[in-house]
Each structure stands twice: as structure tokens, then as C-alpha cells.
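I have placed the structure first, in the form of C-alpha cells, so that the comments after it can refer back to it.
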Amino acid sequence: MNISTIVKQGVLIVHVEGEMDMHSAEQFRSSVDTSLETSGAKHIIFNLQGVTFIDSSGVGVILGRYKKVSILGGKLAAVNVKPQVVRILEFSGLLRIMKLFGSESEALDSL
Amino acid sequence: MAINNHIKMNFTSNSENIGIARVTAAAFAAQVDLTLNDIEEIKVALSEAISNAIIHGYGDIVGEVECEMFLSDDILEFIVTDYGVGIADIELARQPSYSSDPERMGLGFVFMDSFMDELSVESALGKGTTVRMIKKITNDKAH
């Protein structure tokens, strides 16, 4: 899995490439949490364009990040999500806490 | 029912192997005329079964996971076995949001249940767990 992060307008943007499963969950968790701490960002936008697969471990690690940012009033958004990934996010109820957008700028405007 | 194809994989409970088993299952399922959605569902269900074997069956120790795939005329069957700690209460473990880890939603069995046509779980404490999952082939016969 490849993860890169950038901060725009005080929002942490996380670009993810690969498969979000139990194998990659720890890497995802630690790199997002480290970037959150160093940037002091409140909200997170996940750009999932490069994510081809997600299962409950991937859903769980996103939920964990939500629990973290929501304590301080932060929100999650996701952009460029592939249909098979949208289906799993929807099925797991995650779309109730993370809105989907077509582009990073749309997501930034909403936060 | 005649078995037209069969694969048996054995691997150590390293999380790298989940992706390898998933790709194998997708290729195995692609022998028959399934939709991309069906294949995606099989990948998710198998991923959940193997993740459970690794996390809950073995935890910090390394053990063997067995993964068998069968193709018959109208079904694909996947069997995942571990020889780990076993599940004390299978009914409880199959409930949504049953999880020992706050970062997990306890959705593993929910996904397996929803994405496959049949799911059965056998477990014995201290001996291990076997998960059997069946996907019906409704579109076409095996090539």
C-alpha cells in the first residue's frame, strides 16, 4: 500500500493506493495518525482513487480515524471512490459518517 | 455432485497471504460466468474468513491456514480452516458489532453471510475453526 499526505486549507488529505485489508490496516493507521498529530489538522479527506479493494478491516481502520477526529469536531470525506469500494462503505454504514465527493476541491468546500 | 475443479492452498498465518488467497479465489471464480460484483463479493468474504483465522484463530502466534476451493456444476465452495484457539460461542461471534477490537466493527461474519449464499461455521475450543461458504452459479455453467 502507498500512502501520501498533504495539508490544504488546514485539512489533511490522504492519498491511498492499494488494497485496504488487515495486512495494510496498521500502515494506514500509523501514517494517518502521525500526519494528524504533526499537522494539527481537524478534518480528513481520503482520496481513494487508487484503492481497488476494501473489506471490514479497511472499514474498521477508517472508523477508527473518525472516532479520533470527531472528538474534536472533525469530519471525514472521501473522493474518487471506485464503485466496488462504495458498495462496501455503504453496506457497512460508513457513509453515514463519511460523505463522498467527486473531487478534492468539492470535498474541501464542504468542510 | 461432480467436482469439476479443486484447489487446496496451505499457508502460514501471515497477513501478506490474505491478498494472495484473494487473487487466487478471484481467478478460480473467473472460470465460470459470474458478474464482477459476484467475484468482488467472493473476494470480500474470503478475505474476512482468512483475516478471522489469522487474528482470532492464531493472534500473535504463527499457524497454518488451509484454504480449499471447489467448483461443481452450479456452486463454488470455499473452505477456510485454522487450527487455532476456536470460537467459544459461534452464535454470538456471528452477531454484527461483536468484536474484541474497538477499531473493528464486527462486520466480518456479516459480510460473509450477506455476500455468499450459504455460510456455516464449525469450531472447537483449542482445536480450531472451519468456515464453509457457497456461492451459487446462476448465470451459466462451468466452462
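Readers should treat all values here as calculations from the given coordinates under stated rules, not as data from a laboratory. Predicted, not measured: the structure shown is a model, and the values here were computed from it. Neighbour counts run over all protein chains shown; Cβ positions are idealised from the backbone, glycine included.
Worth a mention:
- Helix-only CD estimate at 222 nm, as mean residue ellipticity for chain A, using -39500 (n - 2.57) per DSSP H run (n ≥ 4): -14000 deg cm²/dmol
- Pairs of lysine residues in chain B - Cα separation under 23 Å, sequence separation of 8 or more or cross-chain: 8
- Computed FRET value (nearest 0.05) for B:Asp60 with A:Thr52, which takes r as the C-beta separation and R₀ as 30 Å: 0.55
- For the protein assembly as shown, the antiparallel share of DSSP beta bridges with both residues in that region comes to about 70%.
- Placing R0 at 41 angstrom, the Cβ-Cβ distance between A:Lys67 and B:Ala2 gives a FRET efficiency of 0.25 after rounding to 0.05.
- Expected 222 nm ellipticity per residue - DSSP helices of 4 or more, -39500 (n - 2.57), all of chain B, to 500: -9000 deg cm²/dmol
- Shielding value for A:51-63 is 6, the average number of Cβ atoms from other chains within 10 Å of each residue's Cβ.
- For chain B, hydrophobic long helices are taken as DSSP H runs at least 20 Å long by C-alpha position along their axis with mean Kyte-Doolittle hydropathy of 0.0 or more; these are B:16-29, B:36-52.
- Once backbone amide H atoms are built at 1.01 Å from N, A:Val7 has A:Ile13 as its partners under 5 Å, excluding neighbours fewer than 5 places away on the same chain.
- Share of pairwise Cα separations in chain B, more than 27 Å, in percent: 17 percent
- Annotation note: trypsin sites (Lys or Arg not before Pro) in the range A:5-111 located in DSSP loop regions with a Cβ neighbour count of at most 16 within 10 Å are A:Lys42.
- Value of relative contact order over chain A, rounded to a whole percent, pairs C-alpha under 8 Å and six or more apart: 26 percent
- Distance from the range A:11-78 to the range B:1-59 (C-alpha centre basis), Å: 25 Å
- Placed amide H near A:Met98: partners under 5 Å, 5+ positions off or other chain: none
- Relative contact order (%) - chain B, alpha-carbon pairs under 8 angstrom, separation at least six: 29 percent
- Across the range A:86-94, computed HN-Hα scalar couplings (Karplus, 6.51 cos²θ - 1.76 cosθ + 1.60, θ = phi - 60°) run 4, 4, 5, 5, 5, 4, 7, x, 5 Hz from first to last residue, x flagging Gly and Pro.
- For chain A, the number of Lys pairs separated by eight or more positions or lying on different chains, with C-alpha atoms closer than 17 Å, is 11.
- Amide H within-cut-off set for A:Phe53, under 5 Å, with H built and near neighbours excluded: A:Met20
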